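Okay, so here's the structure we're looking at.
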Amino acid sequence: LDEVGMTHDLAGRRVLVTAGPTVEPLDPVRYLTNRSSGKTGYALARAAARRGAEVTLVSGPVALSAPEGVRTVHVESARDMLVAAEAAFATADIAVFSAAVADVRPKEVAAQKLKKGTEGVDLSTIELVENPDILATLAVRKRPEQVVVGFAAETNDVIANAQKKLSTKHADLIVGNEVGEGRAFGTDDNEVWFVSAEETYALPLMSKDRLADEILDKALQFFK
Ligand code: CTP
Ligand code: CA
């Protein structure tokens, strides 16, 4: 405990957090993205730093200020996020993948603005390609003493989908949450399930700050 009674139970630990959306340009003015405020990821980074960890936050574009005492790496695309996260993952004790990575990107990026009604330009048919899965790509190389936490943002069948993601993405814990219609996105509270190989249970509705501490508490249990 420090002078204000806070625990430093993450002292000496390195924590990686991915947060926010990624944006995938079509041309200099247009992009594709996924919905995300970044609040959960930023709360995780702040909580981990407060608890003594050395934190790297890899963040897509969000309207939040970089937390104090955290190494924040700003990225735009999923591929840039993968590169930045890869570097920090190698030495991370705990990696939490809370980013809402854009699932697809335009296959080609135009150097100049695509003008409607121009010969050869058809904005109604844009070819897309799938982005790399950052969590799955990195977690498959997980060392035994690393703890990996992922999320599952679902509109339906939260538990079943979260359980599937636990195994396909090689995570130790999946935080499942229901999204849509005023739920989770942009709000300050969240109601989630914790899904691990051993157990699945619901947590009560709580603030994203409190949830961040719950996730870190749970991650620490995997070290024991
Ligand atoms: N994730 C990731 N890279 C991606 C897609 C997802 O790292 N390209 C991570 C997210 O950060 C999250 C988890 O994978 O921790 C699940 O993301 P989610 O969007 O719920 O699942 P997807 O695998 O993308 O599948 P779908 O969106 O079709 O449900
Ligand atoms: Ca997705």
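Among the residues of region 126-139, are any more than 16 Å from ligand 2 (Cβ to nearest atom) and free of Cβ contacts under 8 Å to residues at least 24 places away in the same chain?
Yes, region 126-139 contains at least one residue that is more than 16 Å from ligand 2 (Cβ to nearest atom) and free of Cβ contacts under 8 Å to residues at least 24 places away in the same chain.
I want to confirm something. Restricting to region 158-195 and keeping residues that are among the small types (Gly, Ala, Ser) and more than 13 Å from ligand 1 (Cβ to nearest atom), which single residue is nearest to Leu64 (Cα to Cα)?
Gly186
Of all residues in region 25-60, which are surrounded by fewer than 24 Cβ atoms within 10 Å (Cβ to Cβ), within 13 Å of ligand 1 (Cβ to nearest atom) and assigned to a strand (DSSP E or B)?
Correct list: Leu32, Thr33.
Identify all residues within region 91-140 that are closer than 30 Å to Asp9 by Cα and of a type in the set (S, T, N, Q); write none if there are none.
Thr91, Ser98, Thr137
Within region 171-224, how many residues turn out to be at positive phi and either assigned to a loop (DSSP other than H, G, I, E, B) or hydrophobic (A, V, I, L, M, F, W, C) (or both)?
4
Output the qualifying pairs, or none if there are none: Cβ atoms under 6 angstrom, residues six or more apart or on different chains, first residue in region 111-123 and touching a residue at least 40 places away in the same chain (Cβ under 8 Å), second residue of a type outside the set (Gly, Ala, Ser) and surrounded by 10 or more Cβ atoms within 10 Å (Cβ to Cβ).
Lys113/Asp27; Lys113/Pro28; Lys113/Val29; Leu114/Asp27; Leu114/Val121
Could you look through region 147-157, keep only residues that are buried (at least 20 other Cβ atoms within 10 Å of the Cβ) and either basic (Lys, Arg) or more than 9 Å from ligand 1 (Cβ to nearest atom) (or both), and pick out the one that is farthest from the chain's Cα centre (by Cα)?
Top of the filtered list is Val147.
Bear in mind these aren't lab numbers, they're just calculated from the coordinates by the rules spelled out. Small disclaimer: the values here were computed from a predicted structure and weren't measured. Here the Cβ is made from the backbone with ideal geometry for all residues, glycine too, and neighbour counts use every protein chain on show.
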